[in-house]
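For reference, the structure is listed below as structure tokens.
The values are calculated or read from the model by the stated rules, or taken from the named source; none is laboratory data. No experiment lies behind these values; they were computed from the predicted model shown. Cβ coordinates were reconstructed from backbone atoms using ideal geometry, including for glycine residues, and neighbour counts include every protein chain displayed. SASA here: full protein model, heavy atoms, side chains in, ligands and nucleic acids out. Shrake-Rupley method; radii C 1.70, N 1.55, O 1.52, S 1.80 Å.
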Amino acid sequence: MLTRKIKLWDINAHITCRLCNGYLIDATTVTECLHTFCRSCLVKYLEENNTCPTCRIVIHQSHPLQYIGHDRTMQDIVYKLVPGLQEAEMKKQREFYHKLGMEVPGDIKGETCSAKQHLDSHRNGETKADESTNKETAEEKQEEDNDYHRSDEQVSICLECNSSKLRGLKRKWIRCSAQATVLHLKKFIAKKLNLSSFNELDILCNEEILGKDHTLKFVVVTRWRFKKAPLLLHYRPKMDLL
């Protein structure tokens with residue numbers, strides 16, 4: 001059976017960011033036109049623009065950041081095609097957190113550990129595949145036994161009501177996964193306040209309405225940069241005006 005080898009540079013145009021010309025890191029796609037960029041590059045670009053950097057289509061007149069989303073499939077493809085890219089990126093992130101004297105988030109630790117185990121299994125040959133799998137399973141079980149919480153990055157949040165039409169939460173301080181979305185918070189608040197639908201709510205940060213698909217990590221990076229924890233969010237009825 002004949003197989004055709006494709007060189008990496010032949011597909012570079014499809015897995016690189018048009019803004020930095022590097023391989024996609026934390027791939028993020030514009031929902032209007034499906035063009036993909038590095039998240040940090042796109043967020044920085046959209047601070048001054050509201051159009052797609054590639055096709056110039058208007059993403060949104062006033063809130064373009066609400067119409068972009070993490071593209072996990074594309075990022076997985078890039079990591080699989082480019083040797084050593086994921087390991088190098090995880091190393092940079094670890095060094096960044098160490099330089100600032102901050103604890104390395106759990107999701108970065110987990111990805112680094114998985115990548116190292118994947119490389120070791122290839123270096124040691126297929127004969128040790130079962131041994132590596134058993135070892136990984138044992139480590140995961142030990143980690144679960146040592147810590148009740150998930151190992152991913154956590155975000156501390158303060159939920160304040162800024163409308164007289166809704167009551168405040170009895171417990172406004174919460175801590176949850178950085179991968180949780182604004183939609184999760186809407187459902188949480190609606191349940192606590194016995195609202196008929198979570199669609200009746202808007203959640204704001206710095207007086208700006210947040211998109212329902214934004215992860216809390218994205219909100220922290222783009223709206224709460226360089227500010228101390230907790231992340232302060234406000235909620236109000238959808239038709240209410242500030």
>> Let me confirm something: among LEU210, LEU201, LEU232, LEU241, which residue is modelled with pLDDT under 90, hydrophobic (A, V, I, L, M, F, W, C) and closer than 17 Å to ASN162 by Cα?
In response: LEU241
>> Please go through (1) surrounded by 14 or more Cβ atoms within 10 Å (Cβ to Cβ); (2) within 26 Å of CYS38 (Cβ to Cβ) for ALA229 and return the number of the only condition it doesn't satisfy.
In response: (1)
>> So ARG223 ticks every box in (1) in contact with a Ser or Thr (Cβ under 9 Å, 6 or more places away or on another chain); (2) crowded, with 16+ Cβ neighbours inside 10 Å; (3) of a type in the set (D, E, K, R) but one. Which box is left unticked?
In response: (1)
> Identify, please: which residue in segment 1-25 is open to solvent by 60 Å² or more (accessible area, probe 1.4 Å), farther than 22 Å from GLN93 by Cβ and assigned to a loop (DSSP other than H, G, I, E, B) and is, among those, modelled with the lowest pLDDT?
Replying inline: MET1
> Looking at GLU95, GLU87, which one is touching a helix residue (DSSP H, G or I) at 6+ places or on another chain (Cβ under 6 Å), part of a helix (DSSP H, G or I), open to solvent by 50 Å² or more (accessible area, probe 1.4 Å) and farther than 17 Å from VAL221 by Cβ?
Replying inline: GLU87
>> Any residue in segment 87-112 that is at pLDDT 85 or above sitting within a Cβ distance under 7 Å of a residue that is open to solvent by 30 Å² or more (accessible area, probe 1.4 Å) and not polar (S, T, N, Q)? List the pairs, counting only those 6 or more apart or interchain.
In response: GLU89/ILE25; MET90/GLU111
> Does at least one position in segment 194-217 carry a residue that is touching a residue at least 24 places away in the same chain (Cβ under 8 Å), of a type in the set (A, V, I, L, M), open to solvent by 10 Å² or more (accessible area, probe 1.4 Å) and outside any strand (DSSP E or B)?
Replying inline: no
>> Condition (residue is touching a residue at least 12 places away in the same chain (Cβ under 8 Å), at positive phi and open to solvent by 40 Å² or more (accessible area, probe 1.4 Å)) applied to segment 26-43: is it met by at least one residue?
In response: yes
>> Test of understanding: among LYS135, LYS116, LYS80, which residue is of a type in the set (D, E, K, R) and either open to solvent by less than 70 Å² (accessible area, probe 1.4 Å) or at pLDDT 90 or above (or both)?
In response: LYS80
> Taking segment 1-24 on its own, how many of its residues are in contact (Cβ under 8 Å) with a residue 24 or more places away in the chain and closer than 17 Å to LYS80 by Cβ?
Replying inline: 5
